[in-house]
Amino acid sequence: MKRLALGLFAYALLVGGPATAQNAIRVGVPMPLSGPAALFGEPAVKGMRMFVEETNAAGGVLGKKIELVVRDSKASADEAVRVSREMILKEDVQFLVGTLTSAEGPAVSTIAKENQIILIALIF
């Protein structure tokens with residue numbers, strides 16, 4: 001899984017686009033962090049943070065550090081779309097990693113596709 005994620009990041013950086021003009025790779029994480037679904041969302045974000053720490057300590061990806069931009073989707077498709085759109089347009093993320101529910105995934109996928117952003121959906 002780790003190599004797959006690194007491969008996707010490296011590929012996206014090599015093919016160009018806005019990610020190549022920045023010093024960091026910004027990754028948006030729409031994940032349920034409140035309510036009952038936080039039981040799954042919080043550990044997922046903790047694991048992502050551990051992975052980012054380890055990767056950045058080893059020099060990042062192609063010399064660029066990874067930065068996570070985490071937002072609470074509240075396990076709601078509407079909220080996941082809102083925070084994902086905000087992260088893409090205002091936070092300048094190049095990737096989205098997350099969503100938890102079967103409603104969030106397809107909804108955020110549409111936003112990612114519209115903005116030509118790679119979405120890596122988590123499957124539990």
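A few remarks follow.
- Sole residue being at positive phi and either buried (at least 16 other Cβ atoms within 10 Å of the Cβ) or in contact with a Phe, Trp or Tyr (Cβ under 7 Å, 6 or more places away or on another chain) (or both), chosen from 80, 75: 75
- Subset tally (residues that are in contact (Cβ under 8 Å) with a residue 60 or more places away in the chain and over 13 Å from residue 117 (Cβ atoms)) for the range 65-89: 0
- Search result, residues across the range 95-112 that are part of a loop (DSSP other than H, G, I, E, B) and surrounded by 21 or more Cβ atoms within 10 Å (Cβ to Cβ): 99, 100
- The condition of being in a helix (DSSP H, G or I), in contact with a helix residue (DSSP H, G or I) (Cβ under 8 Å, 6 or more places away or on another chain) and modelled with pLDDT under 95 holds for residue 12.
- The residue that is surrounded by the fewest Cβ atoms within 10 Å (Cβ to Cβ), among those in the range 34-64 that are touching a residue at least 24 places away in the same chain (Cβ under 8 Å) and part of a loop (DSSP other than H, G, I, E, B), is 36.
- All positions within the range 23-33 that are farther than 20 Å from residue 121 by Cβ and surrounded by 13 or more Cβ atoms within 10 Å (Cβ to Cβ): 24
- In the range 70-85, the residues that are part of a loop (DSSP other than H, G, I, E, B) and either among the basic types (Lys, Arg) or within 10 Å of residue 34 (Cα to Cα) (or both): 73, 74, 75
The values are calculated or read from the model by the stated rules, or taken from the named source; none is laboratory data. Since we're looking at a predicted model, the values are computed, not measured. With ideal geometry, Cβ positions are generated from the backbone for all residues, glycine too; neighbour counts draw on all protein chains shown.
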